[in-house]
Ligand SMILES: Cc1ncc(COP(=O)(O)O)c(C=O)c1O
């Protein structure tokens, strides 16, 4: 776990003891590192700079990865744009200081109200995902006396080789306009009175560890851009989505943004269009963790359970994708063995099911984890025994964190 550093008195992030955060703010609690978020953003910016395309590129953070206002505020301050999928995300971006001209609006089911709000705000572009959305957007924009800037999100039918729930670029997926239909739909868009065709967009999936599928998709997109240009439809920008994965397990390294983007940028660096990227997970996934506290230790005949106070609603990836997150005790060597009133002393490591309190058998954070745990008292005392695990990066469903603490929080 590179974000948190183990010292004698427990895990620390940016020099702050996680036990102190748990004592002050309670648990469950999301903890984010301003330094790690900034570093992740800089890795993208540096890769674009090294390829000579930074001044015509926009990094639009995919808000669905984590819509915490402090995180949005930090990225806005670094110059990022935002990729949103709802009116709620639009409102959050504005609340956090984001600007309309740097917002792209993705998503297969934009409502008329959401279209209106984004048009009135003057966003950079709608990433339109179907013929019917295009017609509806034309109507809504017309009713407001505006022209909607539009990219078609094309579905290139490329296998991203990732979990089926987060693969979006195959023709069986609900996302985007089928590649074979895109040319004709562009021709239709070009004659609609309240649509301004400005770009093209493609996002083939998430947690991609191999750059090859994204490069293959880029080839298809560029061929279409050139075909459109030949018929007089000149696009101003090319948006190649997000997708870069992160490391969850020690033996599954993820490429750095520079390495992931290299094959794509090799194709793009000599072109004239502006470039948009929509990274989400790779900007935030390894920049935070979820602090939770062991409420109950429940030995069983077949399995031992550690019931913690964070649940599937706080960290949904295990329940949703059977995803694996690192789970480590917060206490350091000097705190491990001593128990206070109401606590159980740390024993030898045992195999635990780490589960939440929700009445669902799918409410788990990790299976079969060898951990030395102790039950903590329930008062918000300093002597707690929370465990720590990585914050879930990409989820497509938003939920309000019950508590969060971040070095990215504006300090007022
Ligand atoms: C349209 C779109 N853009 C960007 C992203 C962000 O992808 P990632 O978090 O893998 O970078 C997603 C993720 O689902 C998406 O659907």
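The values are calculated or read from the model by the stated rules, or taken from the named source; none is laboratory data. Keep in mind that this is a model prediction, so the values were computed, not measured. Note that we place each Cβ from the backbone using ideal geometry, even for glycine, and neighbour counts take in every protein chain shown.
General observations
- Condition broken by residue 168, with the remaining ones in (1) at pLDDT 95 or above; (2) within 27 Å of the chain's Cα centre (by Cα) satisfied: (1)
- Filtered residues of the stretch 1-33 (kept if over 18 Å from residue 325 (Cα atoms) and surrounded by fewer than 18 Cβ atoms within 10 Å (Cβ to Cβ)): 7, 8, 9, 14, 15, 16, 17, 20, 23, 24, 25, 26
- In the stretch 278-322, the residues that are touching a helix residue (DSSP H, G or I) at 6+ places or on another chain (Cβ under 7 Å) and under 30 Å from residue 197 (Cα atoms): 279, 280, 281, 282, 283
- Residue, surrounded by the fewest Cβ atoms within 10 Å (Cβ to Cβ), within the stretch 59-79, restricted to residues that are outside any helix (DSSP H, G or I) and within 13 Å of the ligand (Cβ to nearest atom): 67
- The residues of the stretch 88-108 that are more than 12 Å from the ligand (Cβ to nearest atom), closer than 23 Å to residue 189 by Cβ and touching a residue at least 24 places away in the same chain (Cβ under 8 Å), listed by number, are 90, 100, 102, 103.
- Flag for residue 252 being more than 18 Å from residue 213 (Cβ to Cβ), away from the ligand (no atom under 14 Å from the Cβ) and in the same structural domain as residue 65 (by TED's automatic domain parsing): no
- For residue 147, the conditions (1) within 25 Å of residue 180 (Cα to Cα); (2) surrounded by fewer than 21 Cβ atoms within 10 Å (Cβ to Cβ) all hold with the exception of (1).
- Options 153, 146: the member that is modelled with pLDDT of 95 or more, within 16 Å of the ligand (Cβ to nearest atom), farther than 30 Å from residue 288 by Cα and not in a helix (DSSP H, G or I): 153
- Sole residue being within 27 Å of residue 354 (Cβ to Cβ), at pLDDT below 95 and either out of contact with any strand residue (DSSP E or B) (no Cβ under 6 Å at 6 or more places or on another chain) or in a helix (DSSP H, G or I) (or both), chosen from 334, 282: 334
- Those residues of the stretch 175-222 which are within 19 Å of residue 235 (Cβ to Cβ) and either in a strand (DSSP E or B) or outside the structural domain of residue 260 (by TED's automatic domain parsing) (or both), in sequence order: 177, 178, 195, 196, 197, 198, 199, 200, 201
- Set 245, 280, 232: member being within 12 Å of the ligand (Cβ to nearest atom) and closer than 30 Å to residue 115 by Cβ: 280
Yes or no, residue by residue, for (1) exposed (fewer than 14 other Cβ atoms within 10 Å of the Cβ); (2) under 18 Å from the mean Cα position of the chain (by Cα):
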site	(1), (2)
185	no, no
191	yes, no
194	no, no
214	no, yes
218	no, no
239	no, yes
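- Of all residues making up the stretch 226-274, the number that are out of contact with any strand residue (DSSP E or B) (no Cβ under 8 Å at 6 or more places or on another chain), assigned to a loop (DSSP other than H, G, I, E, B) and under 20 Å from residue 156 (Cα atoms): 1
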